[in-house]
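First the structure, in the form of structure tokens, and then the observations on it.
The values are calculated or read from the model by the stated rules, or taken from the named source; none is laboratory data. None of these values were measured; they are calculated from a predicted model. Quick reminder, even Gly has a Cβ in these numbers, built from the backbone with ideal geometry, and neighbours come from all protein chains shown. Please note that ligands, DNA and RNA were not included when accessible areas were found on the heavy atoms of the full protein model with its side chains. Shrake-Rupley method; radii C 1.70, N 1.55, O 1.52, S 1.80 Å.
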Amino acid sequence: NSKFNAVFGDMSETASEFAKNFAINFGRSTQEVKENMAVIQTVGKNYGLTAEEASGLSQNLLTLANDVAAFTNTDLSDAANRMTAALRGEGEAAEALGFSINQTTLEEYARQQGIEKSIAKMSQAELVNLRYGLMVQQAGDMVGYATSEQGSFTAQLARAKGVFTDLAATMGTYLLPI
């Protein structure tokens, strides 16, 4: 939680509320959600996004990662880590999830968006936004999948795992020596 609060700063309360609601709605561990959000927030800020832009990205990318994880039957943290790596320019990491994020696909996506600026001349923040947009486009049928699958056995198993993870974290906090 201290890492989460440090990277979100003044937005910690709002981000924490999102994490809590996300965890409840999708049966995930609040701790897992916060850890993933903190990583995405850090990457976003390190690549030149404002704190507010990075916060929006952390929520949006985590939501997309949840859909992709449900669609590909992958762990949420694994999907989020692979997609975050793609944001950094490591597109190969997201290929296992069905994404193709490389120089050629980025250039084509930029052209489709009416962007005339060369990718080679873009700032890191512009590239992060471009890569995210391309992932959203390529996600296609995966978008919204986690919501549609909430009643499935796999989703119920993930929900139970999330509850137990949060319970273990809470118990660990109470059992720590003073």
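Within the range 41-71, the residues that satisfy the criterion of being in contact with a helix residue (DSSP H, G or I) (Cβ under 8 Å, 6 or more places away or on another chain), outside any helix (DSSP H, G or I) and open to solvent by 50 Å² or more (accessible area, probe 1.4 Å) are Y47, G48. Restricting to the range 76-102, name every residue that is hydrophobic (A, V, I, L, M, F, W, C) and outside any loop (DSSP other than H, G, I, E, B). Passing the criteria: L76, A79, A80, M83, A85, A86, L87, A93, A94. Condition first: open to solvent by less than 50 Å² (accessible area, probe 1.4 Å) and either in contact with a Gly (Cβ under 8 Å, 6 or more places away or on another chain) or more than 19 Å from L61 (Cα to Cα) (or both). Now tell me which residues in the range 94-104 satisfy that. Correct list: F99, S100, I101. For the range 18-30, the criterion of being buried (at least 16 other Cβ atoms within 10 Å of the Cβ), modelled with pLDDT of 95 or more, within 24 Å of M142 (Cα to Cα) and out of contact with any Leu (no Cβ under 6 Å at 6 or more places or on another chain) is met by at least one residue. Residues that are outside any helix (DSSP H, G or I) and open to solvent by 60 Å² or more (accessible area, probe 1.4 Å) within the range 118-148 comprise just one, V143. Among the residues of the range 53-112, those that are closer than 14 Å to F26 by Cβ and acidic (D, E) comprise D67, D75. The criterion of being over 21 Å from the mean Cα position of the chain (by Cα), surrounded by fewer than 16 Cβ atoms within 10 Å (Cβ to Cβ) and at pLDDT below 95 does not hold for E108. Flag: I115 matches the condition of being of a type in the set (A, V, I, L, M, F, W, C), over 22 Å from the mean Cα position of the chain (by Cα) and open to solvent by 60 Å² or more (accessible area, probe 1.4 Å).
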